[in-house]
Amino acid sequence: MPQTGPKGPRGKAVVSRNAEKHGVLSTTPVLDIEDPAEWDAHLRGMIDSLQPEGHHETVLVHNMATYQWRKSRVVRYETEMISLHTDYERERETLQLFNAKSVKEVVDLVRNDRKRREFIATRLIPGEMTGPMIMRYEAHLHRLYTQTLHELEAVQTRRQGGTSPLTRFDITGAPGG
């Protein structure tokens, strides 16, 4: 079957990011709507805090930083969606106060701002992801972070001459449940 995709380097670069629909499953740590300097500071903070030695420990810390970064996207998404809903209600009430001529101007401004913010929110997490799905992603990222932290702790303990258990149980549930 003949190739139907882009043939030039620019087109190939664009389609290489097609799978990156949103930030939770992104293969790159920093999305186009995020500040690379913030990611660098976050990663440096994790490395300074956990003090990895060698490649293996550094990879584990990098993974932990990535999981925390992705988890922060979930929080930003929730905040943005709540803000959008609240603003919509406030905008609707405000529009009723304007006369017919200025309503169009206000509506255009509101629509443009709303479209920009919806774009940002859907880049963080797609719109079809409801509350339970967001909670699953957050729990999944938390488990990945915790498992990686435990692996890092075990590797560091063994490196320092100690012993670490091969099995570790983490039980998370409702209090008293």
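Observations on the model:
- Which listed residue, of V24, V74, V59, is under 20 Å from Q147 (Cα atoms), part of a helix (DSSP H, G or I) and modelled with pLDDT under 90: V74
- Answer residue from segment 42-73, given it is among the β-branched types (V, I, T) and surrounded by fewer than 17 Cβ atoms within 10 Å (Cβ to Cβ) and is nearest to L141 (Cα to Cα) among those: V59
- Flag if I125 is modelled with pLDDT under 70, under 30 Å from L50 (Cβ atoms) and either open to solvent by less than 60 Å² (accessible area, probe 1.4 Å) or over 22 Å from the mean Cα position of the chain (by Cα) (or both): yes
The values are calculated or read from the model by the stated rules, or taken from the named source; none is laboratory data. Predicted, not measured: the structure shown is a model, and the values here were computed from it. Cβ sites come from the backbone with ideal geometry, for glycine too, and all protein chains shown count toward neighbours. Side chains included, ligands, DNA and RNA excluded: accessible areas come from the protein's heavy atoms. Shrake-Rupley method; radii C 1.70, N 1.55, O 1.52, S 1.80 Å.
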